[in-house]
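Asker: Here it is, the structure in full.
Read-outs throughout are calculated quantities, based only on the coordinates presented, and are distinct from any laboratory measurement. Predicted, not measured: the structure shown is a model, and the values here were computed from it. Cβ: placed from backbone, ideal geometry, glycine included. Neighbour counts: every protein chain shown.
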Amino acid sequence: MAGKNPMSPELIDHFNNPRNVGELPPPAETVQVENPVCGDILRLSVLFENGTAVEVRYKVRGCTASIAAGSALTELVAGRDKSAIRSLSKDDVESAVGGLSNESKHAAVLCVDAVRALLRNV
């Protein structure tokens, strides 16, 4: 395994114990994005009240990194207003899972794509 970044404890924890799995019914906003290169798909559901994300859920079909990143994303979004959510970056997602190898950075991009798609709808 020389030359490869080992998975961080945070990533393994989010993968083994994913937070906020599922989907919220309307009036929550739900978006789906996918990475056409690897085929990973992320559905993100957020219920906003007075401009703040009060409930967040996700579903993902993808690799270990995408499952963990989606879980971390829900924690990054929950309790924040739209302006703070808009400022989330792939670096924020990567930090929340303790870093990603070069081969797994697409997982953080998928999360940011979901946030952008969500905010286009609200």
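Asker: Mind checking which residues of region 81-93 are in a helix (DSSP H, G or I) and either without any contact (Cβ under 8 Å) to a residue 24 or more places away in the chain or under 20 Å from residue 38 (Cβ atoms) (or both)?
Answerer: Answer for region 81-93, where residues must be in a helix (DSSP H, G or I) and either without any contact (Cβ under 8 Å) to a residue 24 or more places away in the chain or under 20 Å from residue 38 (Cβ atoms) (or both): 83, 84, 90, 91, 92, 93.
Asker: Kindly check whether there is at least one residue in region 42-49 that is assigned to a strand (DSSP E or B) and free of Cβ contacts under 8 Å to residues at least 12 places away in the same chain.
Answerer: So far as region 42-49 goes, yes, one or more of its residues are assigned to a strand (DSSP E or B) and free of Cβ contacts under 8 Å to residues at least 12 places away in the same chain.
Asker: Which one of 66, 104, 71 is in contact with a Lys or Arg (Cβ under 8 Å, 6 or more places away or on another chain) and surrounded by 21 or more Cβ atoms within 10 Å (Cβ to Cβ)?
Answerer: Values: 66 fails: in contact with a Lys or Arg (Cβ under 8 Å, 6 or more places away or on another chain); 104 fails: in contact with a Lys or Arg (Cβ under 8 Å, 6 or more places away or on another chain).
Among 66, 104, 71, only 71 is in contact with a Lys or Arg (Cβ under 8 Å, 6 or more places away or on another chain) and surrounded by 21 or more Cβ atoms within 10 Å (Cβ to Cβ).
Asker: Is it fair to say residue 96 is closer than 14 Å to residue 13 by Cα, touching a helix residue (DSSP H, G or I) at 6+ places or on another chain (Cβ under 8 Å) and in contact (Cβ under 8 Å) with a residue 60 or more places away in the chain? Give the steps one after another, and end with the answer.
Answerer: Values: closer than 14 Å to residue 13 by Cα: yes; touching a helix residue (DSSP H, G or I) at 6+ places or on another chain (Cβ under 8 Å): yes; in contact (Cβ under 8 Å) with a residue 60 or more places away in the chain: yes.
Taking the combined requirement at face value, the residue satisfies it.
Asker: For the structure I just gave you, tell me whether residue 71 is in a helix (DSSP H, G or I), under 23 Å from residue 121 (Cα atoms) and in contact with a Pro (Cβ under 6 Å, 6 or more places away or on another chain).
Answerer: yes
Asker: May I ask you to list the residues in region 81-122 that are on the phi < 0 side of the Ramachandran plot and in contact with an Asp or Glu (Cβ under 8 Å, 6 or more places away or on another chain)? It would help to see each step written out before you state the result.
Answerer: Here is the first cut: in region 81-122, the residues on the phi < 0 side of the Ramachandran plot are 81-97, 100-122.
Those that are on the phi < 0 side of the Ramachandran plot and in contact with an Asp or Glu (Cβ under 8 Å, 6 or more places away or on another chain): 96, 97, 100, 105, 106, 107, 108, 110, 118, 121, 122.
Asker: To continue, here is another question. Could you count how many residues in region 21-41 are closer than 16 Å to residue 107 by Cβ and in contact with a strand residue (DSSP E or B) (Cβ under 6 Å, 6 or more places away or on another chain)?
Answerer: Qualifying residue count, region 21-41: 4.
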